[in-house]
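The values are calculated or read from the model by the stated rules, or taken from the named source; none is laboratory data. Computed from a predicted model, the values in this text were never measured in an experiment. Note: ideal-geometry Cβ built from the backbone for every residue, glycine included; neighbour counts use all protein chains shown. Surface areas here come from the heavy atoms of the whole protein model, side chains and all, with no ligands, DNA or RNA. Shrake-Rupley method; radii C 1.70, N 1.55, O 1.52, S 1.80 Å.
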Amino acid sequence: MTIHAPTSPSKIQAERLARLADKMQRTRQWSDGQAAGRRWTIGCVSLEITQRCNLDCTLCYLSDSSEAVQDVPLEELYRRIDEIELQYGPNTDVQISGGDPTLRDRIELSKIVRYIRSKGLRSSLFTNGILLNRAWLAELAQDGLNDVAFHVDMTQERKGYASEQALNAVRRKYIEMARDLPISVIFNTTVFAENFHEVSALAGFFIDHSDVVRFASFQLGADTGRGTIPGRNRSEASSPLSVITAVVTQDSVCAAISQGAGLALNFDALQGGHGQCNKYAMLFSMGDTRFDALADGEFVSKVMGETTHVVLERDQGLSGGLAMLRAVLIRPCLWLGSVGYLIKVLWRFRHEWLQGRTSLRKISFFTHNFMNACDLDQDRIEACVFMAASVNGLMSMCTYNAERDLHLLKPIVLKSGQVFQPLAVAPNAQGEIVIPLKWLKGRPRQEALASRAIARRQASI
């Protein structure tokens, strides 16, 4: 009889890292600054716990039938969380999303957060914040929630807010909601033609509030889902202002963020997956003075490669800095570069130090370039680090968005043998699925209303 020794956790994690590193190499994305396959086994995994939403965004990625899809049972969500842990290991970021997850039963949402924590994973709540309040957020933090990511932008068409600047009132409310809670605060912004001109000012707003905001993600709109407008660029026919509208690209968004920061940020020092999908920069600030934390790309890449074992949390602050300092001090190869780096930081903030200011803030900027549903690039899918957990397994988020109903409407066989039917609508006598108007949003709703108007006109003739 052959006895097999159990595989050690460290070896399993090394194998997970090697799998992702191999994907980066096959898709020509491997470099000294590539974090995927070195620091983590995957960027994040989206766990959609409801398809229902209390907004109707003009660039919504949800499918035509989403509002008629019932919430997946907890048992199935737990199975997907188990799969995430098995595939990617500890400290993996799990995005609790939807729809808006605050529409899920409050007790069940707490159970989901606690289950994610029990598996050694990190949880982030992705929400528009409308139903959330401080007491509930504090309760979720106690359950083990690591981050809250507020999605606020002009695509949501919130009543009474005519610009991103006006929406800063909502953002301030959410910042105060989360202030001093033991969680990290993130803001998500969809960038499209109508708000591109406000990206630089918005980046400045996040820097000014980086005592609470730790991470700002700018996501380029894509033509996928039930949205009612083109994802990126205004056509000549859609607006008289189109002639002065810049093209919304990964590079133009990064440039706008740099403009808002008041200095050229290095978005190429570190890579997280495919270069056409993600860009990352980090900024230190004190008062009105800013410093590009990743300006020395060669040194930053070297530090990242030598300290892959150090687990850093977005809300660690000083403790995270000390953990990184300890890792650097035991590596003589990093000493000279670290001294030079420290001198640059001290010199940059010398006036603030002399004036008695000691609060050094850090904020990270991230851009994500989603693909259009009809224009998926196989290399980018292969190198994807933003995954979605579905009944059919873990897959690229862009692939999932392009074929949502294929996964959302599939019956789920539970452990008990019971079959869960996701769609809340039964076929009619002709075997067709007709979703009531009250459950339609976005493009499907517009089309249904247009068809009704045509039918009424024809009936009146």
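Below are the figures for this structure:
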item	result
So GLN418, is it free of Cβ contacts under 8 Å to residues at least 60 places away in the same chain, open to solvent by 60 Å² or more (accessible area, probe 1.4 Å) and over 30 Å from THR189 (Cβ atoms)	yes
Inter-residue pairs, beta-carbon under 9 Å, first in contact (Cβ under 8 Å) with a residue 60 or more places away in the chain and in region 130-144, second among the hydroxyl-bearing types (Ser, Thr, Tyr), 6+ apart	ILE130/THR102; LEU131/THR102
Filtered residue count, region 112-128, keeping only those that are over 19 Å from ASP93 (Cβ atoms) and either surrounded by fewer than 22 Cβ atoms within 10 Å (Cβ to Cβ) or among the acidic types (Asp, Glu) (or both)	0
Options SER31, SER10, SER66: the member that is of a type in the set (Gly, Ala, Ser) and open to solvent by 70 Å² or more (accessible area, probe 1.4 Å)	SER10
Matching residues in region 84-117 - criterion: being in contact (Cβ under 8 Å) with a residue 12 or more places away in the chain and over 25 Å from TYR174 (Cβ atoms)	ILE84, GLU85, GLN87, TYR88, GLY89, PRO90, ASN91, THR92, TYR115
Among (1) among the β-branched types (Val, Ile, Thr); (2) touching a Leu at 6+ places or on another chain (Cβ under 8 Å); (3) in a helix (DSSP H, G or I) - the single one ILE433 does not satisfy	(3)
Condition met for GLU198 (among the acidic types (Asp, Glu), surrounded by fewer than 23 Cβ atoms within 10 Å (Cβ to Cβ) and at pLDDT 95 or above)	yes
Qualifying residue in region 224-241 (condition: under 21 Å from the mean Cα position of the chain (by Cα) and of a type in the set (A, V, I, L, M, F, W, C))	no
Selected residue [out of contact with any strand residue (DSSP E or B) (no Cβ under 9 Å at 6 or more places or on another chain), at pLDDT 95 or above and not hydroxyl-bearing (Ser, Thr, Tyr)] from GLY120, GLY129	GLY120
Qualifying residue in region 382-405 (condition: open to solvent by 30 Å² or more (accessible area, probe 1.4 Å), farther than 30 Å from GLN271 by Cα and not aliphatic (A, V, I, L, M))	yes
Output for region 367-381, where each listed residue is crowded, with 18+ Cβ neighbours inside 10 Å and closer than 19 Å to LEU59 by Cα	THR367, HIS368, ASN369, PHE370, MET371, ALA373
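Table: residues versus (1) buried (at least 17 other Cβ atoms within 10 Å of the Cβ); (2) at pLDDT 95 or above.
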site	(1), (2)
LYS173	no, yes
MET177	yes, yes
VAL185	yes, yes
ALA193	yes, no
LEU202	yes, yes
ARG234	yes, no
SER239	no, no
SER242	no, no
